[in-house]
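A.B. asks: Before I ask anything, let me first share the structure, which is written out below as structure tokens.
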Amino acid sequence: MDHLDDLDGIGERRAEIGSALARLEDALARPIGSRHEWTNRVDLALDELLIIGRIQVGALLAEGGPLDEAVRAMPRLLATVDRLRRGMPAIEEEIELLQKELGQLEPAEIRRRLVPLLGRTVGHRQQVADTIWEAYNVDIGGPG
């Protein structure tokens, strides 16, 4: 398949997303101390996750990308790929909304809203890896 070379880079970006998720979790788990510093750390971790996530979506889920080729070869993947394409923008929108509200929210509320979002992001990431495996028999997982 034409996109097999692209999958190495996708695996690297997937690991970067894993690292960004870990940094966000670390930011959330830190003691509040200075509320301003804590909120800034969380905001920076969210920015990083958004940037890396958009690069990944652009490379993998965009029209004409590796998953389009997989759907042409295996039409049964269409519903899964469509669900993945809808999933990341929904996550991005939720992150952007939360970022706009960070300054007005108590840290406990930020944590309450971000922990489930972390879970959904991890789940999306796992579904992408499973779909790539199903389509190409390539493990893009690795560490992270």
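A.B. asks: Please state the relative contact order of the chain as a whole percent: Cα pairs under 8 Å, 6+ residues apart? Before the final figure, lay out the partial values.
C.D. replies: Working: 118 pairs, mean separation 52.9, N = 144.
That works out to 37 percent.
A.B. asks: Given the range 4-136, what whole percent of its Cα pairs are spread farther than 17 Å? Show your work: numbers first, answer last.
C.D. replies: Values: 5048 of 8778 pairs.
Above the 17 Å cut-off, the range 4-136 has 58 percent of its Cα pairs.
A.B. asks: Note the full-extension length gain between ARG120 and GLN99 as 0.36 nm times their separation in residues minus their Cα-Cα distance, in nm to one decimal. Can you show the working numbers first?
C.D. replies: Working: separation 21, 0.36 × 21 = 7.56 nm, distance 1.71 nm.
Full-extension gain reported as 5.8 nm.
A.B. asks: State the answer as a single residue: which of GLY58, ILE95, ILE10 lies farthest towards the positive end of the charge dipole of the chain, with beta carbon charges of +1 for Lys and Arg and -1 for Asp and Glu, about the Cα centre.
C.D. replies: Most positive-ward Cα: ILE95.
A.B. asks: If I model a spin label as a point 7 Å beyond the Cα along the Cα-Cβ vector, how far apart are those points for GLU109 and ALA90 in nm?
C.D. replies: 2.4 nm
A.B. asks: Oh, and also: Could you work out the helix-only [θ] at 222 nm for the chain, with each DSSP H run of four or more residues adding -39,500 (n - 2.57) and the total divided by the number of residues, to the nearest 500 deg cm²/dmol?
C.D. replies: Values: 5 runs with 110 residues, N = 144.
Roughly -26500 deg cm²/dmol at 222 nm, from the helical runs in the chain.
A.B. asks: Give the residue from VAL122, LEU28, LEU105 lying farthest towards the positive end of the charge dipole for the chain; charges sit on Cβ (+1 for Lys and Arg, -1 for Asp and Glu) and the dipole is referred to the Cα centre.
C.D. replies: My answer, from the dipole projection, is LEU105.
A.B. asks: Between ASP82 and SER34, what length comes free when the chain is fully extended (0.36 nm per residue of separation minus the Cα-Cα distance, one decimal in nm)? Show your work: numbers first, answer last.
C.D. replies: Numbers: separation 48, 0.36 × 48 = 17.28 nm, distance 4.22 nm.
Extra length from ASP82 to SER34 when fully extended: 13.1 nm.
A.B. asks: While we're here: Show me the helices of the chain, taken as full DSSP H stretches, that run 30 Å or more along their long axis by Cα and average -1.0 or above in Kyte-Doolittle hydropathy.
C.D. replies: Details: long enough: 4-29 (38 Å, -0.12); 35-56 (31 Å, -0.23); 78-101 (35 Å, -0.45); 107-136 (42 Å, -0.41).
Correct list, ordered by number: 4-29, 35-56, 78-101, 107-136.
A.B. asks: Also, I was wondering about something else. Subtracting the Cα-Cα distance from 0.36 nm times the residue separation, let me have the gained length for LEU44 to GLU12 in nm, one decimal.
C.D. replies: Roughly 9.4 nm would be gained on extension.
No lab work stands behind these numbers, since they all come straight from the coordinates. In this text the structure is predicted, and so the values were computed from the model without any measurement. Ideal geometry is used to build each Cβ from the backbone, glycine not excepted, and the neighbour counts take in all protein chains shown.
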